[in-house]
Amino acid sequence: RDALISESEASVVHTYAVQAVPELARAEPYARFLIAHDIMDLDEEQEWSLLRHRQEHQAGGRHRFLDVIVDEMALTMPVPREVMVAQLRHLLELGDGVRGRVRVVPRDAAIYEDRAHPFDVLEFPLVKDRVSLVHTILGIDFAFKDLTDIWEFIEERSALSPEESRELLGRHLTGLTADA
């Protein structure tokens, strides 16, 4: 609960994931598909409602900036075509706005331990300190340290630029819609 409260107060969320799109960047069909196929018995409506509220929350009425880095592996996971089409369109829309940026780590990028686990780095208005969260099978929890250095390393050494990422997302979307 404390991790979600911290997330809700952040003005900037840097979110990274490998095998799935980060929670705050999930389109509804994608999120519902993952909820329905979770190993835990979750109430799909309740879980989607919680996630949607997390995505839409505006602490103090201000919009949050969502900075997303996602591994290309997440864009090729076995989900129904219409689910991935909706997710790719959502990522393209998110990266096209003033409240978000999306970058992709291409599948041929080097893998290393720090890049193998999903996490968030939260920034807050008028505060220099950051809070880092980790995502595990049991949910979201506080990281043992500030993960900004890992975020920056992935950002600089692995992720494509926003423009290159947009092109890659577009190629994935074209591949799925051309086959339809």
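The values are calculated or read from the model by the stated rules, or taken from the named source; none is laboratory data. Everything numeric in this text was worked out from a predicted model, so none of it was measured. As a convention, Cβ positions derive from the backbone with ideal geometry for all residues, glycine included, and neighbour counts pool all protein chains shown.
Can you tell me which residue within segment 112-126, out of those that are modelled with pLDDT under 90 and surrounded by 12 or more Cβ atoms within 10 Å (Cβ to Cβ), is farthest from ILE35 (Cα to Cα)? So the residue we want is TYR112. Scan segment 127-136 for residues that are among the aliphatic types (A, V, I, L, M) and surrounded by fewer than 20 Cβ atoms within 10 Å (Cβ to Cβ) and the total you get is 2. Exactly one residue out of HIS63, HIS57, HIS90 is in contact (Cβ under 8 Å) with a residue 24 or more places away in the chain, over 22 Å from GLU167 (Cβ atoms) and touching a helix residue (DSSP H, G or I) at 6+ places or on another chain (Cβ under 8 Å), and it is HIS57.
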